[in-house]
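Engineer: Let me give you the structure first, and then I'll get to my questions.
The values are calculated or read from the model by the stated rules, or taken from the named source; none is laboratory data. Quick caveat: nothing in here was measured; it's all calculated off a predicted structure. FYI the Cβ positions are ideal-geometry reconstructions off the backbone, even for glycines, and counts take in every protein chain you see.
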Ligand SMILES: Cc1cc2nc3c(=O)[nH]c(=O)nc-3n(C[C@H](O)[C@H](O)[C@H](O)COP(=O)(O)O)c2cc1C
């Protein structure tokens, strides 16, 4: 898909017909690896959940009901980043942002996920309202990783309306 068209076509979908196919999920995660990262440290990590029984259990235990409903029938990618690496030098934060840089890199990585998914004909929903402790336990996520988002990926069941954006002059200054 032409890039500007892709950007416009991507939106959060809360009604899925089916989950992403395994090979396409792999292709999406490979694309996301091309995202830039601090000193190419690549601290983003993904836990791709595809097994129907595991999906059902994880949705029920780690998501509030509205996100369970919105992500029904989709696969889930739980994204984390390895802490205390990006933005750190010899164990000390290089500036005031600290582990915010790890979150920054993961956000870039996850932006690639949602765009790569759309390019392959899938839709996504990033969910920040989730139980990190349950995800950590259920997926054996080590303590040195910060649990961030759960991303639903699947084929949409219905069109989703485009959400409005602020006027550019409200969010950007040209100096
Ligand atoms: C970090 C982050 C967390 C989000 N968490 C949720 C969530 O828990 N549940 C939900 O329905 N949408 C969630 N969203 C989706 C936003 O509501 C959505 O991106 C926004 O309304 C703009 O709509 P659009 O993605 O269709 O352009 C989240 C988005 C981001 C980037």
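Engineer: Being within 15 Å of the ligand (Cβ to nearest atom) and modelled with pLDDT of 95 or more, is that true of even one residue in the range 86-98? Can you show your working first?
Structural biologist: If we filter the range 86-98 for residues that are within 15 Å of the ligand (Cβ to nearest atom), which is where we start, we get none.
No, every residue in the range 86-98 fails to be within 15 Å of the ligand (Cβ to nearest atom) and modelled with pLDDT of 95 or more.
Engineer: Kindly check whether there is at least one residue in the range 80-93 that is in contact (Cβ under 8 Å) with a residue 60 or more places away in the chain, more than 12 Å from residue 146 (Cβ to Cβ), buried (at least 16 other Cβ atoms within 10 Å of the Cβ) and under 11 Å from the mean Cα position of the chain (by Cα). Spell out the reasoning first.
Structural biologist: First, the residues of the range 80-93 that are in contact (Cβ under 8 Å) with a residue 60 or more places away in the chain: 80-84.
From what is left, the residues that are more than 12 Å from residue 146 (Cβ to Cβ) are none.
No, the range 80-93 has no match at all.
Engineer: Looking at residue 25, is it crowded, with 19+ Cβ neighbours inside 10 Å, closer than 26 Å to residue 146 by Cβ and within 16 Å of the ligand (Cβ to nearest atom)?
Structural biologist: Values: crowded, with 19+ Cβ neighbours inside 10 Å: yes; closer than 26 Å to residue 146 by Cβ: yes; within 16 Å of the ligand (Cβ to nearest atom): no.
No.
Engineer: Are any of the residues in the range 117-137 under 25 Å from residue 39 (Cβ atoms), surrounded by 18 or more Cβ atoms within 10 Å (Cβ to Cβ) and either touching a residue at least 12 places away in the same chain (Cβ under 8 Å) or within 16 Å of the ligand (Cβ to nearest atom) (or both)? Working first, answer last.
Structural biologist: Start the filter on the range 117-137 by keeping residues that are under 25 Å from residue 39 (Cβ atoms), which leaves none.
No: the range 117-137 contains no residue that is under 25 Å from residue 39 (Cβ atoms), surrounded by 18 or more Cβ atoms within 10 Å (Cβ to Cβ) and either touching a residue at least 12 places away in the same chain (Cβ under 8 Å) or within 16 Å of the ligand (Cβ to nearest atom) (or both).
Engineer: Of the conditions (1) under 19 Å from residue 26 (Cα atoms); (2) in a helix (DSSP H, G or I); (3) within 15 Å of the ligand (Cβ to nearest atom); (4) touching a helix residue (DSSP H, G or I) at 6+ places or on another chain (Cβ under 9 Å), residue 150 fails just one. Which one is it?
Structural biologist: With respect to (1) under 19 Å from residue 26 (Cα atoms); (2) in a helix (DSSP H, G or I); (3) within 15 Å of the ligand (Cβ to nearest atom); (4) touching a helix residue (DSSP H, G or I) at 6+ places or on another chain (Cβ under 9 Å), residue 150 is out only on (2).
Engineer: Also: Please work out which one of (1) farther than 22 Å from residue 24 by Cβ; (2) touching a residue at least 24 places away in the same chain (Cβ under 8 Å); (3) assigned to a helix (DSSP H, G or I) is the condition residue 162 fails and give its number.
Structural biologist: (3)
Engineer: Can you list the strands (runs of 3 or more DSSP E) found entirely within the range 9-87 that contain at least 1 residues being under 22 Å from residue 158 (Cα atoms) and touching a strand residue (DSSP E or B) at 6+ places or on another chain (Cβ under 9 Å)?
Structural biologist: Values: elements: 16-19, 44-49, 75-82.
Result: 16-19, 75-82.
Engineer: Shifting gears a bit: Under 24 Å from residue 134 (Cβ atoms), more than 13 Å from the ligand (Cβ to nearest atom) and modelled with pLDDT of 95 or more, is that true of residue 76? Can you show your working first?
Structural biologist: Working: under 24 Å from residue 134 (Cβ atoms): yes; more than 13 Å from the ligand (Cβ to nearest atom): no; modelled with pLDDT of 95 or more: yes.
No; evaluated as a whole, the condition is false for this residue.
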